[in-house]
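In what follows, a structure is listed as C-alpha cells, so that the remarks can point back to it.
The values are calculated or read from the model by the stated rules, or taken from the named source; none is laboratory data. Quick caveat, the model's predicted, so the values are computed rather than measured. Cβ sites come from the backbone with ideal geometry, for glycine too, and all protein chains shown count toward neighbours. The protein model used for the area step is the full one, side chains on, heavy atoms only, and it has no ligands, DNA or RNA in it. Shrake-Rupley method; radii C 1.70, N 1.55, O 1.52, S 1.80 Å.
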Amino acid sequence: MQFYLNGYKPGDPFVEDPHPSVAERPGGLPGEADVLIIGCGPAGLVLAAQMANFPDIRTVVIDRKDGPLEVGQADGVACRTVELFEAFGLADRLVNEGYWVNEVAFWRPDPQDRTKITRTGRIQDVEEGLSEMPHVIVNQARMLAYLLDHMERSASKLRPFYGLHADDIRIDTGGASEHPVEVTLRHLKGFEETGETSTIRAKYVVGCEGSRSGTRAAIGRELRGDPMNQSWGVLDALAVTDFPDIRLKCAIHSANQGNILIIPREGGYLVRFYIELDNARDKEMLENRSVTPEKLAAVANRILAPYTVEVKDVGWWAVYEIGQRLCDKFDDVPVTEMATRVPRVFIAGDACHTHSAKAGQGMNVSMNDTWNLGWKLGAVLRGTAKPELLHTYSQERQKIAKQLIDFDREFAKMFSAHPTESGGAGGAGVDPEEFRQYFITQGRFTAGVATRYGPSMITAEAMFQHLAEGFPVGMRFHSAPVVRLADAKPVHLGHVARADGAWRVYIFADRSDPAGRHSHFRELCGFLGSDASPIRRCTPTGAAPDSVIDVRAIFQQGHRDLAVDKMPPVLLPKKGKFGLTDYEKMFCVDPKAGDIFDLRGVNRETGCMVVVRPDQYVSHVLPLHGHEALADFFAGILIDAG
C-alpha cells in the first residue's frame, strides 16, 4: 500500500480523507444515486467495497435487516476469494483469523462392520502451487464486517441504509432520463413495515438480495432448475467428542444412516456439521418443521457411530434444501435488444443462481459476480469505458454460474449417495474411492481458479499464448514472487493490483539490457510514454497517470544489477500535487522464492506483455513489439479522453 502522496498527516494512514463531494451530500437517504445496491450479503458488500473506491460516484446501499449480519450462514473462503480480498488490503485479516483447510479426511463404512465408520485416507486440500493464498474458514458475518470497515475507511465513507425494502422497480427505457431506474422503498423495523415509503432514482441498480429477489422479478427473470428434494441441517457447535478427526475437514459416508461434512471453524474449538436428513427416516420432523439442534445432534451421532458427539453450545443452526437453479440472463436487457440498449438493472449471487452448500461455492461465486461487475460500472460511470462493456457481465458470469450448477449437481449427488463396497458394481450408490478421486480432480474448481472467460471485447483470442503459457488468456492472473527493484523488497506480483479500477500491463522484459537503446523493452516503453499510447489517449486530464492503465515491468536480471535511474519515464511516473515519483513499478526475479519466468512459462528470449483486467483476469498476451495491437485492443474498450 502507498500513502502520504499529497502530504504527511498523523494517524492511521489506511483511513482516507473524505472526498470533497462527500461533504456536499445530504446525511439521509438521497433522492438520486449513480448506483443503488440492494442487499448487504457477500455479493452486495463486495460491490459496495469496490464502488467505495470510486468516491466521485454516488453509491447507495440498502438492506431490509435492521443492521449488519451478526452470525451464521456461509463460511468457506476459496483461495481465489482470498486473492480478491487481497485487492482490498483485507487478506491478512482473513488469513490470520480463519481456520486453514490444509487436509481433508475421508470416512466410509468399515468393511468388517458396516454399522461403524472408518477412515480411508487423507489428502491435501489445495493442490501445491495453485495459489499463494490458503483455503480458509471464517464466519460470513466477519467477512462482511471487513468489507464494511473498508467502506467506512475509504474516501467515500460509504455506509448502508438499513431497514429498507425495495418494493417496486421501474425502468424508463426511452433513453432520455439520466436516472432511468425508479425504486420505491418501504421502511421496515424488525422486518415489519412502518408505513413510511421513499423513492430513489438511480442510473444503475444491482439486486443482491438473495434467492427471493424482488429485483429479479422486476426485470422478468426467473430461477429455473431442479426441485429442492434433499434436506440438510447445519450446526455450528462447541462439542466434546471422541471422533479423532474433529479438527480436519471430513467427508463421512455411513452405510445407511446418512452422511456428514465436518468443517472445523476458526478459533480452535468451534466446528460445523453439515448433516444429511433422510426424507423417510426424518420425515416427521421435516414435515412438521420440528427440527431442533438437539435432533440434529442425534442424527450426527447416528451417522458417526461408533464415535459420539456431545454438543455443549450452539452458535448457529439451520435447515435448508438443496436445489440447483439458474437465470438465463443476469440483467434487464432482452437478447434481441442488446444491440440498441445497455443494461440498467443487474442481479448477482443467489438472486440469479442457487445451489447446495457442500461444495462451498455459493458465497465465493456470488462475490466474484460483483467483483466482475463493479469495475465495469466504475469505468462506465467515470467515462473511461464504453457503455457496451456492461453487457459482458451477464455474458461472462451466467456461463460460470452454469458450470457451478453442473458441478454442484454432481457433487451433491455423489455426496448424498449410499456408499457401495469399494470397487463394487451396480446400484445407485457411489464408491467412496470414486468420490475421493472426484474431489481431487475438481480441486481447481473448488479453489475458485478454474474460471476462464471466453473471447469478448475485453478478452482477446490467445494468439500469442506461447509467450506466457502460465498466464492463460481468460483466466485469473496467477501471482508469483518477485523482488521490487527500488527497495529490494520481496513481494507477490499479483498483490500490486489493488481494487482501483485500473488495467495492468505487465511487461516481461527480454534478455537484453533494459537500459539499452535498441531493446524491444525500451521501444515499448517509449511507445507507452508517447502521444500515440492508449495511456495518454485514455487518461482524463488531471487524473493520475496510472489511474486507467498501470504499467509494470519485470526483469530477468537481479535487482542489484539494474539502475533505477536508467529506466524509462513511463516506469517512473510523477504523481500527486507535488509531482512525486512512484518507484514501485519495476520488479526483478526472486531466485530464492522461484524465478517468475520459469514458474509462469514466460519466453526469456522474446519477453512479452500480459494485459490484465481490473478484476485480475488476463485479457491479452502480446509480443513486446505489438504496439499497434495493444492500442487497438484498448480502443475497443476505452474512450479517448479528448
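Miscellaneous remarks
- Identity of the residue in segment 479-535, assigned to a helix (DSSP H, G or I) and of a type in the set (F, W, Y), that ends up least open to solvent (accessible area, probe 1.4 Å): F521
- When segment 176-193 is filtered for residues that are open to solvent by less than 80 Å² (accessible area, probe 1.4 Å), touching a strand residue (DSSP E or B) at 6+ places or on another chain (Cβ under 9 Å) and of a type outside the set (D, E), the ones remaining, listed by number, are S177, H179, P180, V181, V183, T184, L185, R186, H187, L188.
- Of all residues in segment 113-160 being part of a loop (DSSP other than H, G, I, E, B) and of a type in the set (D, E, K, R), the one that is surrounded by the fewest Cβ atoms within 10 Å (Cβ to Cβ): E128
- Selection within segment 325-368 - open to solvent by 20 Å² or more (accessible area, probe 1.4 Å), of a type in the set (D, E) and over 16 Å from the mean Cα position of the chain (by Cα): D328, E337
- Tally of residues being assigned to a loop (DSSP other than H, G, I, E, B), open to solvent by 60 Å² or more (accessible area, probe 1.4 Å) and aliphatic (A, V, I, L, M) across segment 1-27: 2
- Checking each residue in segment 217-234 for being open to solvent by less than 30 Å² (accessible area, probe 1.4 Å), over 20 Å from L144 (Cβ atoms) and not small (G, A, S) picks out I219, L223, W232.
- Considered as a group, the residues in segment 563-609 that are more than 24 Å from V621 (Cβ to Cβ) and hydrophobic (A, V, I, L, M, F, W, C) include one that is most open to solvent (accessible area, probe 1.4 Å), and that residue is F578.
- Positions within segment 135-171 being under 24 Å from the mean Cα position of the chain (by Cα) and at positive phi, in sequence order: K157
- Scanning segment 260-289 for residues that are basic (K, R) and either open to solvent by 40 Å² or more (accessible area, probe 1.4 Å) or closer than 25 Å to T420 by Cβ (or both) turns up R281, K283, R289.
- Of all residues in segment 466-477, one or more are open to solvent by less than 50 Å² (accessible area, probe 1.4 Å) and part of a helix (DSSP H, G or I).
- Matching residues, segment 496-536, being farther than 27 Å from A87 by Cβ and polar (S, T, N, Q): S512, S519, S530
- Pairs where the first residue, in segment 292-313, is free of Cβ contacts under 8 Å to residues at least 40 places away in the same chain and the second is assigned to a strand (DSSP E or B) and open to solvent by less than 20 Å² (accessible area, probe 1.4 Å), C-beta under 7 Å, 6+ apart: N301/V309
- The set of residues in segment 624-642 being assigned to a loop (DSSP other than H, G, I, E, B), open to solvent by 50 Å² or more (accessible area, probe 1.4 Å) and not aliphatic (A, V, I, L, M) consists of H625, D640, G642.
- Scan of segment 39-77 for residues that are open to solvent by less than 10 Å² (accessible area, probe 1.4 Å), part of a strand (DSSP E or B) and not polar (S, T, N, Q), ordered by number: V60, V61, I62, V77
- Meets criteria (among the aliphatic types (A, V, I, L, M) and buried (at least 17 other Cβ atoms within 10 Å of the Cβ)) for L238: no
- Leading residue by the ranking (farthest from H150 (Cα to Cα)) among those in segment 28-38 that are assigned to a strand (DSSP E or B) and among the hydrophobic types (A, V, I, L, M, F, W, C): A33
- Residue count for segment 400-419 satisfying the condition of being without any contact (Cβ under 8 Å) to a residue 60 or more places away in the chain and either closer than 15 Å to V335 by Cα or among the β-branched types (V, I, T) (or both): 1.
- Among the residues examined, V35 qualifies as of a type outside the set (D, E), within 23 Å of the chain's Cα centre (by Cα) and modelled with pLDDT of 95 or more.
- Count of segment 283-332 residues, restricted to those that are in a helix (DSSP H, G or I) and either among the aliphatic types (A, V, I, L, M) or over 19 Å from A251 (Cα atoms) (or both), is 15.
- Residue within segment 243-259 that is among the aromatic types (F, W, Y) and open to solvent by 50 Å² or more (accessible area, probe 1.4 Å) present: no
- Selection count where residues are among the charged types (D, E, K, R), assigned to a helix (DSSP H, G or I) and closer than 18 Å to L47 by Cβ, scope segment 333-352: 1
- Only one entry of A255, A251, A280 meets the criterion of being closer than 19 Å to D110 by Cβ and part of a loop (DSSP other than H, G, I, E, B), and that entry is A255.
- Residue in segment 202-210 that is farther than 22 Å from T59 by Cβ and at pLDDT below 95 present: no
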